[in-house]
Every structure is written in C-alpha cells, then in structure tokens.
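Laboratory data are not the source of any read-out in this text; all were calculated from the coordinates shown. Small disclaimer: the values here were computed from a predicted structure and weren't measured. Heads up, the Cβs are rebuilt from the backbone with ideal geometry, glycines too, and the neighbour counts pull from every protein chain shown.
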Amino acid sequence: MVEPRRLVLVGGGAGTGKTMVARTLSRALDAGWLQVDKLWIALTDAAERGSDRRRVLDVDDALRSGTTSPDELVAQHMEAAAIVCDALSGALALELQTRPTVVADGAWILPEWAAQLELDGAVVRPIFLHEPDAEHLRAAMTSRRSMPMAAPWHDRSARLAWLFGEAVVREASRLGLPVVESRPYESLHDRVGAHVR
C-alpha cells in the first residue's frame, strides 16, 4: 500500500522555534523543507516599488519607519501573510510532486488557510508554536540575531512578533488546530512530534 503524501506546517510568531523544529522534523521524516520566509522575500522583491502590494508585503519597512502603530503592524502582517499563503499553496503542491513528505515553516502561515488547505489527497498537519512571555520572546529573538540591531527597531520587531503570535494562536485554538508551547525547549521536538504522527 502506498503511503499518502504528507505536509507538516509549522506556524507561529517569530522567535518561537519554528525553524529549529522544522529542520529537525525534515531530517527525522526524510522530508523536503520549505522556509516560507524565502517565498515572502521573493514576493516582496517582485512587487512593483510604490505599489499597494509592495507596501503590504514590506512589513520590515513599516517597522523601520517607526510611525506605524502596533495594531496597524499586526493588521499589515496578517494581510501580507494572506498574500504569501495564496502563493504558498502552489509552491507546496510542487514540492509534494518531488517529495512524499514536506515540512514548511514560517510566521506567514495563517491558521484559517492551513485548516482549509487541500492538496490532492495529501495529509496536512498544521502545528502552531507559542511563546506566551513577551520578554522571553524578545530575548530569544536577540540571541538569534547575527548582528546587533538598533534598540527601537528591535523592540518594535519583538513586539510585533509577540502580538502577531498571540493573534495566530487565538485563531488556531478557535479552529481546533494544535498549539504547542515553545518551552521547555528540551521537549519541544517530542511535543511537536506527537501531533505529526
């Protein structure tokens, strides 16, 4: 009997351990691995400068400006994520043509989209990681930066990651999708793995 194709989606706010989990899962499952950030970057670069699409997708530009309120940033991130999800469906279908199992991770994965995703009979397993402590999330984001960031920009970035993550987790919970606390990190892979089987 042929095993069904399988897609694991690891979502949640920035700094929650998505990439670490996705990397480990892809190795354990001998799966393809798609980092959704790469798709977001490509879509942003391809959007015409000055266009509404470019403005929406360029969340980093809004962060750098320092003039956008936290609520506006979350709304923009949600709108950008919807654009990314639209493109992601096709990218994942293509990935599943070459690998029987694919793991995708990114802060652009929206619960409602993940809950409705159907890809030619593939088993879809969405999981959302959550860090409930805003200060711990900020520290986690600081530790992974390869170069120091200006404090105001970093503060806004960490605040957006936490607010967006909270909104995503509320929506995932409402839809009955698995939400896994990021800590303790030592058991994160096992706790996520329980939802993948």
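Structure notes:
- Packing rank of 173-183, 10-20, where each peptide gets the mean count of other beta carbons within 10 Å, highest leading: 10-20, 173-183
- Here the sum of -39500 (n - 2.57) over DSSP H runs of 4 or more residues, divided by the residues of the chain, equals -18000 deg cm²/dmol at 222 nm, to the nearest 500.
- Helix axis angle, 36-46 relative to the chain longest principal axis, alpha carbon, degrees: 60 degrees
- Rounded, prolate or oblate (a/c below 1.5 giving rounded, otherwise prolate when a/b exceeds b/c) for region 6-196 by Cα gyration tensor: oblate
- Helix 134-144 vs. the chain, principal-axis angle (Cα, 0 to 90°, nearest 10): 80 degrees
- Shape of region 48-142, Cα gyration tensor, a/c cut at 1.5: oblate
- Sorting E112, E118 by the number of Cβ atoms found within 10 Å of their own Cβ, with the fewest placed first, yields E118, E112.
- Comparing S157, S89, S143 in a Gaussian network model of the chain, where Cα atoms under 10 Å apart are tied by springs, the biggest mean-square fluctuation is seen for S143.
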